[in-house]
Amino acid sequence: MTWKSVEGKGRWKAALRRAPRVLFEDLTKPADPLPDMGQPGWPLWRPVFAMLLVIYTAFLTVFHLNEMSPVDGGGFPKYGLLGIAHGAALVAAMFRPVSAWWVSTVLMVVTVLLNEPDMSGDQLFPWSISGLALQCGVLFLLALRVPPRRAAGALVITLLAGLACALFTTTPHNYDIDRSAPVLIAAVVLGAALRGLRVARTQLVVQEELTAGERARRTLLEERNRIARELHDVVAHHMSVISIQAQVAPHLVENPSDELRENLAGIRQNAVEALTELRHVLGVLRSEDALSQGVRHTPQPTLERLDELVANVRGAGLTVTTVTTGAPRALPPGVELSAFRIVQEALSNAMRHAPGSQVRVETAYGATGLTVRITNNAPDAPAAPSQSMGHGLLGMRERTAMLGGELATGATPDGGYEVTAILPVRPPALATESAEDTP
């Protein structure tokens, strides 16, 4: 005998020793809680089911009382109370299935022991037709609320109880264990299958919620990466200009002093170092971009290209009207880039979700910032359903929040849609004061 065979036998013995305790724990632990009426996987007509269960139980109880009553008609109080208790156990199984199953099994044994001497040889034993139906109902409701292993344990004990009742009898009977066992097994299998379906649906809903949350999070990260890449280009461009200007400035001054040369050299050195660090930190975003090298280094758009964008949209069949109020002026690159992208995304949404509509793009230059407003009326025909989750509104909110602005979106009374973004611009005086206060 090898060491592995000895170890295997030891495991089997340990498992057999633990089996009674595990079975007892399985059949005494409470069942799964009743799901809420609105929870997926549980029927909304639970009250209707409870009412039908009561009617079904009442019918079986009456039939069961008739089956248990002796031929001479006596003994009704004894058998009647047992039959009513058996029916009540079936109704209680909807709320306390484990306790109801124990009560039902004990009642079955007690009923058989008391009724067996008075039964004729033609009656089914140990389960009558109504008694078997009541027992199947209890096992079915138990299997709906407990794991399959616990339901299988309850089935085994029920069958063993019926077999024990058949072995200890005083007179021959019409034994039906071989016919009752398949019916009891079918009830447990059906209940376990329905429970598995309910659990699977609940887990599917939870997984869909997790997937939707993860998709939203991934969309947010993708949009932030896109914004970071664009801002990287803007900042890198200006840092390069500062470095070049600091290098050229000494040649534009006649007889520059040593202090001037030293300060300009320091400015250039700091600009180069800042640009290097910026590329080290944010350059990885460019490495993950699948665009070509030529597109990667294309200058980021500003409001000067707004007319070009509108012309392209008009060429796609959308009617667009532009209105500009206030005196146009150069704005910080981040503000112009964000304004351009917001208008671009709003026009794309109009083409996608409101085909044939008329769009109005308004840009208002104010003393403290820029306001862009894009509106469209109701579409001529329903738009085709979108096949993917869009980034549009999410990107607009990210860009507006980055600049400390405000974004308002929503439907208009005429069935259209409106997007309004207020992008603040720091006043030059305030910017100068902040620069002077910086050590």
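Odds and ends about this structure:
- Members of the stretch 150-206 found to be touching an Asp or Glu at 6+ places or on another chain (Cβ under 7 Å) and assigned to a helix (DSSP H, G or I), listed by number: R150, G153
- Single condition R261 does not satisfy, out of (1) at pLDDT 60 or above; (2) open to solvent by less than 90 Å² (accessible area, probe 1.4 Å): (2)
- G366 modelled with pLDDT of 85 or more, out of contact with any helix residue (DSSP H, G or I) (no Cβ under 7 Å at 6 or more places or on another chain) and open to solvent by less than 40 Å² (accessible area, probe 1.4 Å): yes
- Residue in the stretch 331-346 that is open to solvent by 20 Å² or more (accessible area, probe 1.4 Å) and at pLDDT 90 or above present: no
- One residue from G317, G334, G395 being small (G, A, S) and not in a helix (DSSP H, G or I): G317
- Scanning the stretch 144-183 for residues that are open to solvent by less than 60 Å² (accessible area, probe 1.4 Å) and within 38 Å of the chain's Cα centre (by Cα) turns up L144, R145, V146, P147, R150, A151, A152, G153, A154, L155.
- Test: G196 is surrounded by 21 or more Cβ atoms within 10 Å (Cβ to Cβ) and over 18 Å from L124 (Cα atoms): no
The values are calculated or read from the model by the stated rules, or taken from the named source; none is laboratory data. Every value quoted in this text rests on a predicted model; they were computed, and no experiment measured them. All Cβ positions, even for glycine, are placed from backbone atoms using ideal geometry, and neighbour counts span all protein chains on display. To get the accessible areas, we keep the full protein, side chains included, count just its heavy atoms, and leave off ligands, DNA and RNA. Shrake-Rupley method; radii C 1.70, N 1.55, O 1.52, S 1.80 Å.
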